[in-house]
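Right, one structure below, let's go through it.
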């Protein structure tokens, strides 16, 4: 961390509304560059419904020291608030609905802090901003922030490379995307503070990690990928465990992936097996549950994607702690490779999934594949002067990203009158899923086995499940397989039977 965070901690639970700067407009990025010093001026304008935002700035790989200063703030006091804003949300735990209050952490300044992180072939300055800040027990709302960024450069040169497919995707998140390609350079990932390697230099884009008992099915998938021109390799989990250093199996897998990133230059990794076959890393996130064994440890394969650091900077065996619980934020949330998991637990499941993948990729898609289903529910209602949060708004933004020849169906629970949408109900969702869509997106509350909507009748809130796990198991869409994304709590949990 280049600058310590100075935060007044009013509560421990924080709602992450969006990743990076989706609700933050970057008005201007001005630069003045010399051989040893780069100065940038950034003007950031907050949009409605944004509270905490992160901006990402690609910097030269030769950067040695960076200073971020705030030299202008446009703000106004929030007369109705002398304390932090809050609202009620819920989760479903072991069949019991738990309601809890979320309060925002209001910092002492719009500039919360900054640090250097790495994203694949880029060195990145990550700046955290807050629309709300506190001064003398009064809360202010910020509309615009101007930052001066001074970057000192070393008199050395890194080997530049052309951005690949993943680099281009990462670049879309940078506020200086236009110049980021000039900063793309080969940056190695350190393995356990050691200069350790078990691999020879090679050109491998895709690696499959499989336990021995499922390897024949993983090998069939490997040959299919190779037949489509993908440079791929299969590596057995037993070899990784016997070859690489690490405190446990997840750390050994991650050290192998670091080695494969450095020597093979991999872009993708596939974990062929469920969490019992290939273990997942649990990170510590004590949000609203006090007991550490009841929800505070979250399973994530992001541990295998972000290859910088150890996820345990204070070496206490608790991974992914945020600043305040550890000496720094232990996760930089910058991916270096794309990681997927096929969570099969036995040979029958493995054979079935591989057959589906090969059939899906080898069979021409029909017009159904150019259909998208967007389902958005109310997340929270407006209260205390703060606007509510609706999944329909996110779905509308997603709809604008589809090509014009896509047929989009919208199912919403909303307080607004959007164009051409239908009601979000269990029967409507199931019937549309049975039709078959190429893409399906859910934005709502969720549980391990369900998706939920909230609505009001005479000022009273009611909760209703609009999709159960058993509904999904009973679908009749046959071979019209969808790409599904659910922005909802607990759905798709990789360490249990979930929706």
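Rounded to the nearest 0.05, what FRET efficiency do residue 383 and residue 465 have when you use their Cβ-Cβ distance and R0 = 25 Å? Before the final figure, lay out each step's value.
Numbers: r = 24 Å, r/R0 = 0.95.
Using R0 = 25 Å, I get an efficiency of 0.60.
Run the numbers for residue 345 and residue 135: contour at 0.36 nm per residue of separation, minus the present Cα-Cα distance, in nm.
Difference between extended and current length: 70.2 nm.
Which number do you get for Rg(Cα) / (2.2 N^0.38 Å) in the range 115-253?
1.50
May I ask you to order 464-470, 259-265, 68-74, 449-455 by the average number of other C-beta atoms within 10 Å around their residues, highest value first?
Top to bottom by mean Cβ count within 10 Å: 449-455, 259-265, 464-470, 68-74.
Taking N as the number of residues in the range 343-427, what value does Rg over Cα atoms divided by 2.2 N^0.38 Å take? Mind dumping the intermediate values first?
Working: Rg = 18.4 Å, N = 85, 2.2 N^0.38 = 11.9 Å.
Here the answer is 1.54, to two decimals.
Can you give the relative contact order of the range 364-487 as a percent, counting alpha carbon pairs under 8 Å and 6+ residues apart?
Values: 230 pairs, mean separation 36.7, N = 124.
Once divided by the residue count of the range 364-487, the mean separation gives 30 percent.
Order of 52-64, 233-245 by packing, highest average Cβ count within 10 Å first?
Top of the packing list down: 52-64, 233-245.
Could you give me the percent of Cα pairs per 5 Å distance bin for the range 206-342, shortest bin first, beginning at zero and ending with the bin that holds the maximum distance?
2, 10, 18, 22, 19, 13, 8, 5, 3, 1, 0
Could you give the distance between the Cα centres of the range 237-268 and the range 331-370, to the whole Å?
Cα centroid to Cα centroid, the span is 22 Å.
Under a plain spin-label model, where a point goes 7 Å from the Cα along Cα-to-Cβ, how far apart in nm are residue 401 and residue 230?
2.1 nm
Hey, what did the range 128-253 get for relative contact order, percent, Cα under 8 Å, at least 6 apart?
16 percent
For the range 364-487, just say rounded, prolate or oblate: build the C-alpha gyration tensor, square-root its eigenvalues into a ≥ b ≥ c, call rounded for a/c under 1.5, and beyond that prolate if a/b exceeds b/c, oblate if not.
Oblate, since a/c reaches 1.5 and b/c is not below a/b.
Full-extension gain between residue 67 and residue 200, please, as 0.36 nm times their residue separation minus the C-alpha to C-alpha distance.
Computed gain between residue 67 and residue 200 is 44.0 nm.
Starting from the Cα of residue 361, step 7 Å toward the Cβ, then list every residue of the range 179-215 with an amide N under 20 Å from that point.
In the range 179-215, the label zone of residue 361 (backbone N under 20 Å from the point 7 Å along Cα→Cβ) covers 203-211, 214-215.
Taking the alpha carbon gyration tensor of the range 406-475, what are the square roots of 5 times its eigenvalues, largest first, to the nearest whole Å? Write down the numbers at each step before the final one.
On the way: eigenvalues 87, 61, 17 Å².
Working from the Cα gyration tensor, I get semi-axes of 21, 17, 9 Å.
Expressed in nm to one decimal, what extension gain is obtained for the pair residue 434 and residue 169 from 0.36 nm per residue of sequence separation less their Cα-Cα distance?
Once the chain is fully extended between residue 434 and residue 169, it gains 92.2 nm.
Every number in this text was worked out from the coordinates using simple rules, so none of it is lab data. Only a predicted model underlies this, so the values are computations on that prediction, with no experimental measurement involved. Neighbour counts run over all protein chains shown; Cβ positions are idealised from the backbone, glycine included.
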